[in-house]
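The values are calculated or read from the model by the stated rules, or taken from the named source; none is laboratory data. Source: prediction; values computed, not measured. Methodologically, a virtual Cβ is constructed for each residue, glycine included, from the backbone with ideal geometry; neighbour enumeration extends over all protein chains shown.
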Amino acid sequence: MAWLDSYPSIFSDADKAPLNEIRAECKPLIHELSNILDSEQRRILKGKLQQYKRKYIQLYYTKHTRTIGEGIDWDKLERISRSNELKRLRDMKAVRGVNPLNLNKLEERILALSKARCTSLTEEHLKDSYRCTWCSFPETLKGIADINSEIEEIHKSVAVISNEWTNTILNEIETYRDNIELLSDPEKAVIVEIGAERRLPDEIAQDSITALNNLFSELREVEISPREIVDFIFSEFSVLDYEAFSRKLEEYKEKILERGEKRNIRIKRREV
Ligand SMILES: [Zn+2]
């Protein structure tokens with residue numbers, strides 16, 4: 001059972017102590033060949049091994065349940081992923097000027113956590129297999145530790161993203177206020193309502209997205225990844241003095257300005 005040592009975040013030393021104790025008790029019994037041949041000693045050894053197995057099953061089963069089984073509020077994750085708030089964000093990300101990066105990350109996380117779910121294991125199964133035959137816990141849990149607290153974080157993130165995007169959109173409406181009169185009457189009505197309510201409707205219709213995108217039609221989105229900037233700055237030399245560094249930054253800024261008028265440019269973080 002040395003593999004338990006490979007997952008110190010799941011099986012702590014305290015968890016393994018009772019198992020190690022039994023192992024230590026078995027050692028002298030196995031050490032002497034005469035013990036193995038002696039039926040009384042064999043009986044003791046067998047008892048110890050059974051005890052070991054029982055304790056192991058208990059430990060494994062408890063950890064499995066608490067980490068990815070019934071101990072996790074899977075219903076809550078399900079509710080979040082089906083929630084109107086999340087659906088609303090999926091609609092909102094089609095609005096020009098909004099950066100979908102954080103939502104995409106959140107959706108990937110929901111998927112990764114859902115995949116870790118395993119509620120099939122029973123203690124009975126562990127009598128024939130030392131690991132869960134459905135998920136091989138904890139092997140598949142790379143980068144996943146406390147799922148309940150992650151679900152809590154995801155829940156909060158939905159509100160944080162929604163706030164950020166609402167502010168972005170309201171600010172852009174303000175920026176392009178003069179263009180409202182160029183819109184059709186129904187589009188004007190949508191924008192005026194969003195401006196007055198200071199929020200987007202609970203159900204975001206395609207008409208609202210189109211109205212916003214038409215209002216923001218001059219807006220130029222420039223996506224850049226952290227990697228891209230760094231590669232550009234160090235494209236000629238891997239060491240720069242301050243002046244050279246500053247020149248490269250200016251060059252990069254000018255390259256962005258080639259994409260449109262300064263007031264219309266929005267720089268979006270992208271990740272690859
Ligand atoms: Zn499992």
Seminar exercise, completed: Considering the stretch 122-174, residues that are away from the ligand (no atom under 15 Å from the Cβ) and among the acidic types (Asp, Glu), and then whichever is nearest to the chain's Cα centre (by Cα), we arrive at GLU150
For this session: Kindly indicate whether any position in the stretch 145-159 is among the small types (Gly, Ala, Ser), free of Cβ contacts under 8 Å to residues at least 60 places away in the same chain and outside the structural domain of ILE265 (by TED's automatic domain parsing).
Result: yes
For this session: Note down all Cβ pairs under 8 Å where the first residue falls in the stretch 178-189 and is under 15 Å from GLN206 (Cβ atoms), the second is of a type in the set (Ser, Thr, Tyr) and at pLDDT 95 or above, and they're at least six residues apart or on different chains.
Result: GLU187/THR210
For this session: For the stretch 95-104, indicate whether the set of residues that are over 30 Å from ASN264 (Cβ atoms) and either out of contact with any Asp or Glu (no Cβ under 7 Å at 6 or more places or on another chain) or at pLDDT 95 or above (or both) is non-empty.
Result: no
For this session: Scan the stretch 67-104 for residues that are assigned to a helix (DSSP H, G or I) and among the charged types (D, E, K, R) and report the count.
Result: 9
For this session: Would you mind stating whether ILE30 is in contact with a helix residue (DSSP H, G or I) (Cβ under 9 Å, 6 or more places away or on another chain) and without any contact (Cβ under 8 Å) to a residue 24 or more places away in the chain?
Result: yes
For this session: Residue by residue through the stretch 89-121, note down the ones that are within 16 Å of the ligand (Cβ to nearest atom) and in contact with a helix residue (DSSP H, G or I) (Cβ under 8 Å, 6 or more places away or on another chain).
Result: LEU113, SER114, ALA116, ARG117, CYS118, THR119, LEU121
